[in-house]
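Q: What follows is a structure written as structure tokens; I'll ask about it next.
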Amino acid sequence: MKRTKIIDVLKSTEYGKEVCVKGWVRTHRSSKAVDFIALNDGSTINNVQVVVDPTKFDEQLLKDITTGACICAEGILVESQGAGQASEVQATRLEVYGLCDNSYPMQKKGQSFEVMRKNAHLRLRTNTFGAVMRIRHNMAMAIHTYFHEHGFYYFNTPLITASDCEGAGNMFQVTTKNLYDLKKDEKGSIIYDDDFFGEQTSLTVSGQLEGELGATALGAIYTFGPTFRAENSNTPRHLAEFWMIEPEVAFLDQEGLMDLEEDFIKYCVRWALDNCQDDLQFLNKMIDKTLIERLEGVLKESFVRLTYTEGIDILQKAIAGGHKFEFPCQWGDDLASEHERYLVEEHFKKPVIMTDYPRAFKSFYMKQNAPAVSSAATSSQPSVGYKGAVAPGPTMQGTDVLFPQIGEIIGGSVREESYDKLMAEIERRQMDKTHLWWYIDTRRYGSCPHAGFGLGFERLILFVTGMQNIRDVIPFPRTPKSAEF
């Protein structure tokens with residue numbers, strides 16, 4: 001008999017019809033009169049109840065149907081007599097595909113997320129991780145759909161690169177060289193002439209630089225792929241391997257960029273609310289009881305648009321009023337997550353797009369504001385409740401989106417289109433231009449104003465699911481000292 005997915009069985013009202021369901025046993029309750037098997041196949045958070053008359057089946061067969069076992073159940077679809085589901089299956093035939101012994105670590109009793117991370121090969125079968133992965137899929141669909149509907153082209157950038165987009169130097173090297181017999185020059189530096197690519201290469205930290213090339217040809221592109229950071233960060237917000245969405249758009253200014261960021265992320269949140277209600281209701285009940293309210297809140301109001309200088313002013317006033325921060329927040333400091341979350345969760349109580357950051361801690365490719373321009377003038381939209389003040393140092397046209405529970409969820413900027421200004425910034429930072437010649441070339445041959453942003457996919461999933469650790473929103477997390485599965 002042809003299999004029917006459980007999500008479709010639960011929607012069906014064709015009572016009396018014979019159906020075949022296949023999946024993994026969540027629970028099996030036995031008695032002399034009747035057995036109840038809760039079966040799930042991953043198509044929905046909800047289980048189908050298989051009702052079994054134990055007198056009609058082999059006793060050993062029923063004993064083999066334990067939590068975690070994989071089975072096939074054929075039977076008659078009937079209207080459920082119990083609460084919680086409309087339909088159930090009265091079994092006429094049972095078959096065990098895969099036995100599951102008593103050592104199965106994902107039993108019905110609650111498991112800590114730490115235990116489940118150690119069993120990442122099995123945790124995907126739990127209700128929580130099934131819900132997270134279905135939402136992850138839906139968010140990927142939302143992203144592709146949004147950009148397709150708005151005239152963007154999906155653009156694939158290389159995973160192996162000889163350049164460092166962020167200039168941080170924390171990259172995973174790619175090589176075919178024998179690490180036990182490295183050829184070096186007289187200064188002790190490794191010679192890469194005999195390596196596969198003939199030069200030092202690494203896994204990319206971002207597809208942005210190549211994405212900009214696509215934007216200057218196609219007008220509007222987006223990348224969606226894995227990126228890699230070799231940062232030794234054991235925090236709930238960092239992974240060594242994660243996915244990034246990076247749109248780049250020609251002829252886009254700072255105001256247009258902020259409009260794009262806000263519209264895009266609201267579209268994704270709306271998609272989740274429209275397409276993932278069962279999973280969101282489960283996570284709202286089991287993980288974060290304010291989840292759905294917070295998601296709906298994102299859609300209700302416009303994001304605050306606030307300059308870095310104004311943000312520092314707010315934080316300084318909070319400190320003067322007695323608020324304690326772990327990290328300093330003077331003008332010129334790179335804001336910590338606690339500062340960003342204070343602005344979003346306590347001061348404004350809504351998402352914030354922060355703009356015009358100090359040049360000192362922003363990337364070389366960002367467009368620099370004119371000197372001594374008031375923040376009200378450099379912001380493309382007036383900030384909520386603030387007149388603006390003159391920044392005490394050079395600022396760049398960054399546009400970072402700050403979200404509750406997360407902090408920074410999007411990092412964007414207007415890119416510097418002037419060859420002379422870009423070269424001056426590269427030289428001021430004493431950067432090696434060897435592997436950036438092709439990027440610099442774009443400012444010599446038909447340069448155009450353009451802008452873009454990067455969204456960490458897992459941070460979006462963190463927000464949409466209410467999960468607390470980024471390692472729990474990717475199937476197989478890669479973190480320091482951990483590359484299993």
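The values are calculated or read from the model by the stated rules, or taken from the named source; none is laboratory data. Values in this document were obtained by computation on a predicted structure and should not be read as measured data. Cβ atoms come from the backbone with ideal geometry, glycine included; neighbour counts cover every protein chain shown. In case anyone asks, the SASA skips ligands and DNA or RNA and just uses the protein heavy atoms, side chains included. Shrake-Rupley method; radii C 1.70, N 1.55, O 1.52, S 1.80 Å.
Q: Using r as the Cβ-Cβ distance of His323 and Asp263, and R0 as 35 Å, what FRET efficiency do you calculate, to the nearest 0.05? Working shown, then result.
A: Values: r = 33 Å, r/R0 = 0.93.
For R0 = 35 Å, the calculated efficiency reads 0.60.
Q: Please give the length that would be gained between Lys433 and Arg270 if that part of the chain were fully extended, namely 0.36 nm times their separation in residues minus their C-alpha to C-alpha distance (nm, one decimal). List each step's numbers first, then the result.
A: Values: separation 163, 0.36 × 163 = 58.68 nm, distance 4.30 nm.
Full extension of this stretch gives 54.4 nm more.
Q: Given the chain, report the % of alpha carbon pairs whose separation exceeds 38 Å.
A: Values: 44840 of 117370 pairs.
So the portion of pairs separated by more than 38 Å is 38 percent.
Q: Okay, moving on. How many nm separate the modelled label positions at Lys63 and Thr176, each set 7 Å beyond the Cα in the direction of the Cβ?
A: 5.8 nm
Q: Still on this structure, I have one more. First check a/c for segment 97-146, with a ≥ b ≥ c the square roots of the eigenvalues of its C-alpha gyration tensor; if it is under 1.5, answer rounded, and if not, answer prolate when a/b is larger than b/c or oblate otherwise. It would help to have the intermediate numbers written out before the result.
A: Values: a/c = 3.35, a/b = 2.18, b/c = 1.54.
The shape class here is prolate.
Q: Count the lysine pairs in segment 1-137 whose Cα atoms sit under 19 Å apart, keeping only pairs 8 or more residues apart in sequence or on different chains.
A: Taking segment 1-137 as the scope, the lysine pair count is 12.
Q: Using a probe of 1.4 angstrom, how much of the accessible area of the chain is carbon and sulfur, in percent?
A: On the way: 11720 of 23230 Å².
Of the solvent-accessible surface of the chain, carbon and sulfur hold 50 percent.
Q: Give the residue list of chymotrypsin sites (Phe, Trp or Tyr not before Pro) in segment 399-466 that are DSSP loop and have at most 11 other beta-carbon atoms within 10 angstrom. Spell out each step's value before the answer.
A: Numbers: sites: Tyr419, Trp437, Trp438, Tyr439, Tyr445, Phe453, Phe457, Phe463; in loops: Tyr445.
Those that pass, being in a loop and sparsely packed, are Tyr445.
Q: For segment 416-485, state which GluC sites (Glu not before Pro) are in a DSSP loop and have at most 11 other beta carbons lying within 10 Å of their beta carbon. Could you put the intermediate results ahead of the total?
A: On the way: sites: Glu416, Glu417, Glu425, Glu427, Glu458, Glu484; in loops: Glu416, Glu417, Glu484.
Here the GluC sites (Glu not before Pro) that fit, given the DSSP loop and packing criteria, are Glu484.
Q: So what's the gap between the Cα centers of segment 53-119 and segment 183-243, to the nearest angstrom?
A: Between the Cα centres of segment 53-119 and segment 183-243 lies a distance of 46 Å.
Q: Let me ask something else about it. Between Glu231 and Lys108, 0.36 nm times their residue separation minus their Cα-Cα distance comes to what? Please report the intermediate quantities before stating the final value.
A: Values: separation 123, 0.36 × 123 = 44.28 nm, distance 3.63 nm.
Working it through step by step, the gained length comes to 40.6 nm.
Q: In deg cm²/dmol, rounded to 500, what helix-only [θ] at 222 nm does the chain give when every DSSP H run of at least 4 residues adds -39500 (n - 2.57) and the total is split over its residues?
A: -8500 deg cm²/dmol
Q: Please calculate how many Å² of accessible area the chain carries per residue, with a 1.4 Å probe and no DNA, RNA or ligand atoms counted. Intermediate results must be reported in sequence, preceding the final value.
A: On the way: 23230 Å² over 485 residues.
Computed with neighbouring chains in place, this is 48 Å² per residue.
Q: Sort 295-307, 347-359, 12-24, 36-48 for me by packing, meaning the mean count of neighbouring Cβ atoms within 10 Å per residue, highest on top.
A: Working: 295-307: 17.5, 347-359: 22.2, 12-24: 15.3, 36-48: 20.1.
Put in order of decreasing packing, that is 347-359, 36-48, 295-307, 12-24.
Q: Can you bin every Cα-Cα distance in segment 22-181 into 5 Å intervals starting at zero and give me the percent of pairs per bin, rounded to whole numbers?
A: 1, 7, 12, 14, 12, 11, 10, 7, 7, 6, 4, 4, 3, 1, 0
Q: Loop only per DSSP, at most 16 neighbouring Cβ atoms within 10 Å: give me the chymotrypsin sites (Phe, Trp or Tyr not before Pro) in segment 196-251, ordered by residue number.
A: Working: sites: Phe196, Phe197, Tyr222, Phe224, Phe228, Phe242, Trp243, Phe251; in loops: Phe196, Phe197, Phe251.
In loop regions of segment 196-251 (DSSP not H, G, I, E or B), the sparsely surrounded chymotrypsin sites (Phe, Trp or Tyr not before Pro) are Phe196, Phe197, Phe251.
Q: If you stretched the chain out fully between Ala33 and Glu345, how much longer would it get, using 0.36 nm times the residue separation minus the C-alpha to C-alpha distance?
A: Numbers: separation 312, 0.36 × 312 = 112.32 nm, distance 5.44 nm.
Taking Ala33 through Glu345 to full extension adds about 106.9 nm, to one decimal.
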